[in-house]
Each structure stands twice: as structure tokens, then as C-alpha cells.
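Structure first, commentary second.
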Amino acid sequence: NPGDIAVVVRSNKQARQMRKALSLRRVPSVLYSSESLFDAPEIEELRLVLIAVSNPSDDSALRAALGTELMGFDGIALEKAVSEESRWDALCERFSGYHDLWVRRGFMAMAATLLGREQVRERLLAYEDGERRVTNLLHGIEVLHQASLENRLGIDALPAWLGARMLEKPQND
């Protein structure tokens, strides 16, 4: 039975490669890893989104956020959004609204609203490893919420705190 088989590898990188190889052969697998939450791609994407929310007038930060899998804009959709002034203005307004919500009601209220309005969960669940992606994202949001409370981190400091944690991570690859 599938649950009777384990593949043991030396590094997290090898584990990801093995999972990908199994997936290509349509062999279901579960990855147990010693990786830190801060190694998850969803956390880097969350950091990009938070940077854009913290400074919604920064067009390059907004483009970077929109280009994440969390936000779901591929290159064509992003180019179209940037080239259509009314559409770009609407995106800027949405991120300004998230910014204002964060300032008025706090990080968790903003994060919950953004996840719902942008249909982030639904988008991530469409991937084969969607449940893992959503779990990583929600765990990251919880960690950020706790850090914001414990360290009194505001809208500018929280993305910087996350970036610093990501640089501290131990290398298991």
C-alpha cells in the first residue's frame, strides 16, 4: 500500500525533487520535511503582498505582489492590468483599501479580508499541493499576527520583520 512506503533523502531540496518526480508519474505522496515555515514559497509571496499593502502607491511593489500565485496574475494579465489605466487604478484602490483596513483594524482584519476578496484560498487549492499551500499561508499569517502583537510591529515593520526571519533560516539544502 502507498502508506507502507517511505523515501528517505538527505536534504529538503532532494525531497522536493523526489515529490515532483513521483507527481509526474501520478504517484500520490506526502512530504514530511524539516524545512522552516519561512522556507515556504507562500511566505515569500505573502511578504511581497504585505510590502504592496504597506505602500500601495509603489507600482513596482504592487506589480510584484500581483505576480504571485497568491494573487494569480500571470504575465499577460499583469501587462493588461498595467496598460489599462482604469483597471490599474482599481487595483491601486483595492490595495489602498487593504492598507487603510490594516491601519484602522489591524493586521488580522486586513489579512482575512484580502484572502476573501482576492479568493486566495480557492486559487491555491486548485494546485495539486493546494492544501499544503493554504496551510503554509494560514500558519504564516498566524505567526505574523503573533509577532505584530508581541513586538508591537506596525504596517511598515511587519514585512521587514518577516524578511529578517527569512534571512535567519537555517540552510538544510
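The values are calculated or read from the model by the stated rules, or taken from the named source; none is laboratory data. Owing to the predicted nature of the structure, the values given are computational and were not obtained by experimental measurement. Reconstructed Cβ throughout: ideal geometry from the backbone, glycine too, with neighbour counts over all protein chains shown. Note: areas computed on protein heavy atoms with side chains; ligands, DNA, RNA excluded. Shrake-Rupley method; radii C 1.70, N 1.55, O 1.52, S 1.80 Å.
Across all directions, the shadow cast by the convex hull of the stretch 43-98 built on its C-alpha atoms averages 3.3 square nanometres. Dipole check for the stretch 1-101: with +1 at the C-beta of Lys and Arg, -1 at the C-beta of Asp and Glu, and the Cα centre as origin, the magnitude is about 840 Debye. Computed about the Cα centre, the dipole magnitude for the chain is approximately 540 debye when only Lys and Arg (+1) and Asp and Glu (-1) carry charge, each at its Cβ. Computed across the chain, the Kirkwood radius stands at 17.6 Å (inverse of mean 1/r, all Cα pairs). Here the calculated FRET efficiency for D100 and R16, from their Cβ-Cβ distance with R0 = 45 Å, stands at 0.70, rounded to the nearest 0.05. In the chain, Cα pairs under 8 Å separated by at least six residues give a relative contact order of 26 percent.
The portion of the accessible surface of the chain made up by carbon and sulfur, rounded to a whole percent, is 51 (1.4 Å probe; DNA, RNA and ligands excluded).
How many percent of all Cα-Cα pairs in the stretch 110-157 sit more than 14 Å apart? Looking at the stretch 110-157, the distances longer than 14 Å represent 58 percent of pairs.
Counting charges near S86 (Lys, Arg +1; Asp, Glu -1) among other residues having Cβ under 14 Å from its Cβ returns a value of -1. Along the charge dipole of the chain, which of A52, A147, L37 sits closest to the positive end, that is, farthest toward it, with unit charges on the beta carbon of Lys, Arg, Asp and Glu (+1, +1, -1, -1)? Of the listed residues, the answer is L37. Full extension of the segment from M108 to V143, taken as 0.36 nm per residue of separation minus the current Cα-Cα distance, would add 11.5 nm. Look at the dipole of the chain built from charges on Cβ: of S11, A77, A64, the Cα furthest out on the positive end belongs to S11. Computed from point charges on the beta carbon alone (+1 for Lys and Arg, -1 for Asp and Glu), the dipole magnitude for the stretch 44-146 about its Cα centre is near 360 Debye. For the stretch 22-83, chymotrypsin sites (Phe, Trp or Tyr not before Pro) are listed when DSSP marks them as loop and at most 13 other Cβ atoms sit within 10 Å of their Cβ; the list is Y32. Each peptide in 136-145, 82-91, 40-49 gets a packing score, the mean of other Cβ atoms within 10 Å over its residues, and the list from highest to lowest is 40-49, 136-145, 82-91.
What the chain shows is 62 Å² of accessible area per residue, with the surface traced by a 1.4 Å probe over protein heavy atoms. What share of Cα pairs, in percent, lie more than 20 angstrom apart in the stretch 2-81? Percentage above 20 Å: 52. Other residues with beta-carbon under 13 Å from the beta-carbon of D100 carry, at +1 per Lys or Arg and -1 per Asp or Glu, a net charge of +2.
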